[in-house]
Amino acid sequence: MKITVAGAGYVGLVTSAGLAELGHSITCIDIEKEKIDMLQNGLSPIYEPGLELLIKKNLRNGQLKFTMSPDQAYSAADIIFIAVGTPEEKDGSVDLKYIHVVSHTIAHYIKKDVIVCTKSTVPVGTNELIKQIIQSRKSTSINAEVVSNPEFLREGSAVLDFFQGDRIVIGADNPEAATIMEQIYLPLKIPIIKTDIKSAEMIKYTSNAFLATKISFINEIANLCEKVGANIEEVAYGIGYDKRIGHEFLKAGIGYGGSCFPKDTRALVQLAGNVKYPFELLEAAIKVNNHQQSLPVLKAKELLGSLKNKRVAILGLAFKPDTDDVREAASLIIIKELLEEGALVRAYDPIAIPNAKKLLGNSIEYAYNLHYALYEADFAIIVTEWEQIKHVRLDIFQTYMKEPIVIDGRNCYSLEEIEKYPITYLSIGRQGVYKGRPKDEMSIINF
Ligand code: NAD
């Protein structure tokens with residue numbers, strides 16, 4: 001099979017490298033010259049564990065090619081995957097401009113029967129639109145089938161997810177096209193769900209909306225735990241044993257971010273609104289998440305009063321560990337709020353500083369190691385649970401900071417461990433530890 005992947009981003013690159021590894025002949029096309037130049041030299045423009053190795057290997061053995069030429073990419077392809085971005089409009093709806101452009105380009109360049117398979121996350125009805133665009137432009141002798149194949153990879157473990165995902169969804173109106181797509185994925189031995197196109201489109205949004213709601217739910221319980229003196233970790237552990245609930249995705253913290261959950265949840269609310277269905281539960285989940293991201297700054301103000309000229313160490317900029325992606329990261333919200341309060345921010349991240357710099361410029365200082373970020377800081381906020389942050393020796397807070405005050409947005413450390421050090425430690429859904437002592441001993445401590 002000659003396969004083309006349109007878009008060399010997180011989804012397109014992992015799909016290209018993964019399919020090449022399965023033995024297919026892959027051409028990956030992008031419109032950004034800088035990306036294609038890097039890729040042709042075997043360098044990945046994004047950080048994703050294991051990806052660069054796969055790209056290098058398959059470039060070398062000729063299974064994988066990168067191009068900017070639509071003629072080279074589309075004219076001889078049997079299957080074309082669309083993996084371009086679907087960002088957000090101001091009102092929360094999906095901006096389909098990249099989908100429009102790529103569909104017109106495909107329609108212009110295809111010269112033989114082809115399956116066009118949409119991996120991008122698109123609202124219900126978009127595959128129908130893609131079909132119309134392609135059918136309106138192509139020669140009538142060419143048969144172009146459109147298939148929905150939503151992507152479920154998680155950044156940070158995307159390569160692993162390609163080979164060991166939970167399921168593959170194929171939405172098609174034409175059973176033959178569905179079978180061809182199924183054959184592509186069969187070697188992976190991952191359950192394949194074949195359905196109609198609209199249901200496939202809906203499965204993607206529903207998965208993300210459900211997971212986002214699960215996070216907001218456990219975060220609401222966490223906030224309640226703090227008020228009643230319970231411990232969210234114990235509560236999550238206890239409820240997770242119920243098979244209907246499960247242990248996954250019950251980690252309380254400062255909420256979800258990234259390139260998918262925020263925009264996809266807002267898009268589903270918008271989609272529901274378009275058909276006059278008020279999706280109140282999802283709206284509440286979004287509201288809870290927005291509040292959750294502001295918790296570290298609220299906690300800091302409650303503890304320290306004014307943050308003006310206070311030096312803050314931000315530990316983690318990426319929206320989650322093992323990625324360089326800062327799209328809709330909690331760090332951006334927290335830093336914005338800190339700057340508005342007049343605080344002085346120094347941020348550390350093992351990988352994401354270059355991407356964060358593009359958005360934050362020189363409004364903050366960047367630290368290329370954890371110790372420098374903490375040096376002389378009045379307090380620290382843990383935003384991303386990188387291994388480098390989770391596994392530090394806890395005495396470094398006391399050694400490097402002006403005052404060892406840590407607000408942990410990801411519950412990285414056990415309270416038992418923290419209590420061995422003279423640290424003031426506020427986390428999510430657990431009782432505060434004040435200079436190494438639990439809250440009930442706090443009355444004797446004067447800040
Ligand atoms: P991305 O922004 O990293 O990559 C998109 C790429 O498409 C860019 O490199 C861009 O230059 C390229 N592009 C735009 N127009 C093009 C065209 N006409 N021809 C060729 N290339 C073109 O985006 P992403 O994170 O890979 O996401 C892609 C889609 O997959 C989105 O719809 C997203 O919602 C969805 N998705 C993303 C993830 C994720 O974790 N990133 C997971 C599941 C689904």
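The values are calculated or read from the model by the stated rules, or taken from the named source; none is laboratory data. Bear in mind the structure is a predicted one, so any value in this text is a computation, not a measurement. Every residue, glycine among them, receives a Cβ derived from its backbone with ideal geometry; neighbour counts consider all protein chains shown.
Taking the conditions (1) within 19 Å of the chain's Cα centre (by Cα); (2) under 19 Å from residue 289 (Cβ atoms) in turn, residue 351 satisfies each one other than (2). Screening the candidates 281, 211, 188 for the property of being surrounded by fewer than 22 Cβ atoms within 10 Å (Cβ to Cβ), in contact (Cβ under 8 Å) with a residue 12 or more places away in the chain and farther than 29 Å from residue 323 by Cα yields one hit, 281. Only one of the numbered conditions (1) without any contact (Cβ under 8 Å) to a residue 60 or more places away in the chain; (2) within 16 Å of the ligand (Cβ to nearest atom) is not met by residue 246, and that is (2). The residues on offer are 217, 210, and the sole one that is over 27 Å from residue 117 (Cβ atoms) and aromatic (Phe, Trp, Tyr) is 217.
Of all the criteria given as (1) over 19 Å from residue 296 (Cα atoms); (2) touching a residue at least 40 places away in the same chain (Cβ under 8 Å), the one not satisfied by residue 389 is (1). Taking the conditions (1) more than 16 Å from the ligand (Cβ to nearest atom); (2) surrounded by 14 or more Cβ atoms within 10 Å (Cβ to Cβ); (3) outside any helix (DSSP H, G or I) in turn, residue 156 satisfies each one other than (1). Of the residues 228, 288, the single one that is farther than 16 Å from residue 411 by Cα and over 19 Å from the mean Cα position of the chain (by Cα) is 228. Looking only at residues in the range 288-339 that are free of Cβ contacts under 8 Å to residues at least 40 places away in the same chain and among the charged types (D, E, K, R), the one that is nearest to the ligand (Cβ to nearest atom) is 336. Among the residues of the range 191-208, the ones that are surrounded by 22 or more Cβ atoms within 10 Å (Cβ to Cβ) and of a type in the set (Asp, Glu) come to 1 in all. The criterion of at least 2 residues that are within 10 Å of the ligand (Cβ to nearest atom) and crowded, with 19+ Cβ neighbours inside 10 Å is met, among strands (runs of 3 or more DSSP E) falling completely within the range 1-67, by 2-6, 25-29. Of the residues screened, residue 39 is one that is modelled with pLDDT of 95 or more and over 28 Å from residue 134 (Cα atoms).
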